[in-house]
Structure formats: structure tokens, C-alpha cells
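The values are calculated or read from the model by the stated rules, or taken from the named source; none is laboratory data. Note that the structure is predicted; figures quoted are calculated from it, not measured. Ideal geometry is used to build each Cβ from the backbone, glycine not excepted, and the neighbour counts take in all protein chains shown. SASA here: full protein model, heavy atoms, side chains in, ligands and nucleic acids out. Shrake-Rupley method; radii C 1.70, N 1.55, O 1.52, S 1.80 Å.
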Amino acid sequence: MKFRAIEWIGEANGFLRIIDQTLLPSQVAYLDLRTVEEVWEAIRSLRVRGAPAIGVAAAFGAVLGVQGVDSGAIALGSRLARVCDYLGTSRPTAVNLFYALDRMQGRFQRWIEETQNVEELRQRLWREAVTIWDEDRAMCRAIAENGLEIVPEGGGVLTHCNAGALATSEWGTALAPLYRAHQLVRKFTVYADETRPLLQGARLTAWELMQAGIDVVLICDNMAATVLREGRIQLVIVGADRIAANGDTANKIGTYGLALLAHAHGVPFYVAAPSSTFDLSLNTGEEIPIEQRGENEVTHLFGRSLAPAGVRVFNPAFDVTPHRLITGIVTERGMIRPVDRCTIRAHFQPRLGS
Ligand code: MRU
């Protein structure tokens, strides 16, 4: 990739560098985050966004939050717990955030049994965050390979929101197989839904695919039915923010409608997501918390009002697609197809010899 959406600079005392995604595509501006409050704000305001990138940012946010604490291992542990609780309030839906925070705290609980050395504990926390970041890159590569078989040669691919390099540490999830197919000189066209209200498809997906030289056509969300009916689309692929044990999938608002449209037109509908996006503690998608965002995102665009002052607004950031509408889920471990409670359980069962 020509850019890195998220990157740690330096060692345990370093800082987090992100592309400020609210400024794309008109400006590619990097933002250095040096405090946990800055990381919280960057996640909440979508300067860094996309489920895997939010997880990586949260892990490094925890590292930033314990920098400079040297009043003992117990105090370090209390501070880490407070910092993780605080970061957990930034956005509720993407489970990767909680996966990363729980992992940082879980590891710390084990290490403190082994050492009370604050410097050593801080080093280990930093190395754990780097491991989460490294795993995220490896995950992108594995999803790219595992999803390659579904990319149509000479066909059209419809995607929603942004589940690409800007949403992860490298190639993305839904876009990863497309980057790999492009490397292998496969020809296809990507239709990117603009994705109201915050236009992640127009501002981010169209931008990053163009950077890579992939043929991309931007459409308004309400054109999806037409491009499907006209036979332009052979694959719909999207990312995910949280997947319940039965395969019901939360992703950017509008995904459910797209899944219904794909079903009505007999076009396969795939989700691409890492293991860290599955929340097997939730029985069905009904239990997934859906983030409600501010009215301004609907009533205004780039500071300009689009609606009468005082109009009532409904602005859920995500919706849930029932598993029966999902043809398959590509993960870093392989393919789940068909998607149901049993196939998901089997996918995550420890493998013999591993
Ligand atoms: O509100 P956002 O921009 O964070 O929403 C992002 C999405 O819905 C993505 O599709 C999802 O997080 C997967 S990113 C690989």
C-alpha cells in the first residue's frame, strides 16, 4: 500500500500515528496521538475507523495510557483498567475494540504474577499491542488468499462503506481479496456505494482503490438495486463490526438492505472479517449493541445544512444482516459456507495438531 492508516512510531515510549480519515480524500494528513484522550477522540470522531483499526488503536491507546506511571505494579494495573474502561466507551459496536482491550488486560493479569517490575510490565504491554498490529496485517493477507476464489474474472463487485486498507493495518478485509486479485492481473470493476451519512464509500473506498489502480465506479446508495438488476454485479462483499454465534452480522447501516437486494437478484453476498470480529458470547444479532450517532451527521454535510432546522433524526451507524442472507464469511482461517451456528462453531473448533 502507498499509505498506512495506523502505525506506532518508536518503542514503548513512542506514539500512535494515524491518517486523519475525516479529511480524506481532499487531504492526506497524518495525526500523531500521544495521549489516551486523543486516541478516544480519534476513535469517537472516526479519524481512525473500521473494526480492525479501532482494535489496534485501542491496544496502543492502552499503551499510551500507562506511559509515565511508575508508582508500582498494582498502581499500573489499576491505571490500565481505568484506561481500558475509558477507551471502551468510545464506540460500542465493533467488538474488535473490546477484544483488544480485554486481551491487554488479560495478559497483564498473567504477567503481574511473574514480575512486579513496572518497566518490564510496560514493555510487555507495548509488545502485546505490536503483536495485535502484526496479527492484523497477517489477517489481511490470509483473508486476501482465502477470498480470492470468489472474485469474478471480468465481473463486477459491489461493496459498502470501507473495509479496506484504511480500516485495518494493511489490505483490509472485504477489499483484501480484490487487492490480491488485482496483483494477479485479474480484471474486474468495483462499484462503491457512497455510504451515507458519512460517505466512507465515496471518500475512502473510492480513494484507496484508485490509489491502487483498481477500476472503481462510485454510486449513490439508492443506485444499488439498479446496478444489480442490470446484471453488473457478480459479487457483493462487505466487512463486519460484530458477528454473533449464529452468523448474524452487524456492519455499516445499509448493509442489510444490500443483502436483501443481492438475495432478490440471486447474487452471492459475502462478509469478510477476522476472528476478532466474532462475538460468540452473543446468541443472535438481536443482542449486538448498535451505535446511535448525532443528528448533525444526517442534517448536515461538510458543515452545510441539508434539512430544515429542528427536524427529528434517526441515525443508527450499523444494521444487522441475518445469517440466512449471507452466502459465506471469509476469515483468516478459511471460508464459512453456509453460515449458521454449526458451521461457525466448527470453524473455531481447535484444530488437531494446533
Ligand atoms: O463507522 P465506521 O466507518 O467505523 O464503519 C466501518 C464499517 O462498517 C466497516 O465495514 C467494518 O468496520 C469493517 S472494516 C474492515
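Return the long-range amide H neighbours of Val217 (sequence gap of 5 or more, or a different chain), with a cut-off of under 5 Å between placed amide H atoms.
Those qualifying (amide H under 5 Å, at least 5 residues apart or on another chain) are Val190, Tyr191, Ala192.
Once every Cα of segment 287-354 carries one equal point scatterer and solvent is ignored, give the base-10 log of I(q)/I(0) from the Debye formula at q = 0.22, 0.27 Å⁻¹, two decimals.
With one equal scatterer per Cα and no solvent, log10 I(q)/I(0) is -0.96, -1.18.
For segment 144-352, would you read off the P(r) tail past 32 Å as a percentage of all alpha carbon pairs?
That tail contains 15 percent of the Cα-Cα pairs.
Segment 310-354: which chymotrypsin sites (Phe, Trp or Tyr not before Pro) are DSSP loop and have at most 14 other beta-carbon atoms within 10 angstrom?
Details: sites: Phe314, Phe318, Phe348; in loops: Phe314.
Listed in order of number, the matching sites are Phe314.
Just to check I understand the Karplus step: with θ = phi - 60° and J = 6.51 cos²θ - 1.76 cosθ + 1.60, what whole-Hz values come out for segment 300-315, glycine and proline as x?
Per residue, the Karplus-derived 3J(HN,Hα) values read 10, 9, 6, x, 9, 6, 10, 9, x, 4, x, 5, 7, 10, 10, 9 Hz.
For the chain, what is the percent of antiparallel DSSP beta bridges, rounded to the nearest 5? Intermediate results must be reported in sequence, preceding the final value.
Numbers: 20 of 39 bridges.
Among the beta bridges of the chain, antiparallel pairing accounts for roughly 50 percent.
Give the distance, in whole Å, between the Cα centre of segment 164-183 and the Cα centre of segment 184-209.
With segment 164-183 and segment 184-209 each reduced to a Cα centre, they are spaced 11 Å.
For the chain, what mean projected area does the convex hull of the alpha carbons give, in nm²? Spell out each step's value before the answer.
Values: hull surface 74.3 nm².
The orientation-averaged projected area of the Cα hull of the chain comes to 18.6 nm².
Under a 1.4 Å probe, what is the accessible area of the chain per residue, stated in Å²?
Details: 14810 Å² over 354 residues.
Each residue of the chain exposes 42 Å² on average to a 1.4 Å probe.
Using Cα-Cα distances under 8 Å and only pairs 6 or more residues apart, what relative contact order does segment 161-297 have, in percent?
22 percent
Where in the chain are the helices, taken as whole DSSP H runs, whose Cα atoms extend 15 angstrom or more along the long axis and whose Kyte-Doolittle mean reaches at least -1.0? Let's see the in-between values first.
Values: long enough: 51-66 (23 Å, 1.98); 73-87 (21 Å, 0.87); 95-114 (29 Å, -0.58); 118-146 (41 Å, -0.69).
The answer, listed by residue number, is 51-66, 73-87, 95-114, 118-146.
When the Cα atoms of segment 6-142 are enclosed in a convex hull and the volume is divided per residue, what value in Å³ results? Could you put the intermediate results ahead of the total?
Details: hull volume 13.7 nm³, N = 137.
That works out to 100 Å³ per residue.
Quick one: grab Rg to one decimal and Dmax as a whole number for segment 165-288, Cα atoms only, in Å.
That works out to 14.6, 42 Å for Rg and Dmax.
Between Gly77, Ala181, Met104, whose Cα lies farthest towards the positive end of the dipole of the chain when Lys and Arg beta carbons carry +1 and Asp and Glu beta carbons carry -1, centred on the Cα centre?
Ala181
Quick one: pull the percent of accessible area on the chain belonging to carbon and sulfur, 1.4 Å probe, ligands and nucleic acids left out.
Its accessible area is 52 percent carbon and sulfur atoms.
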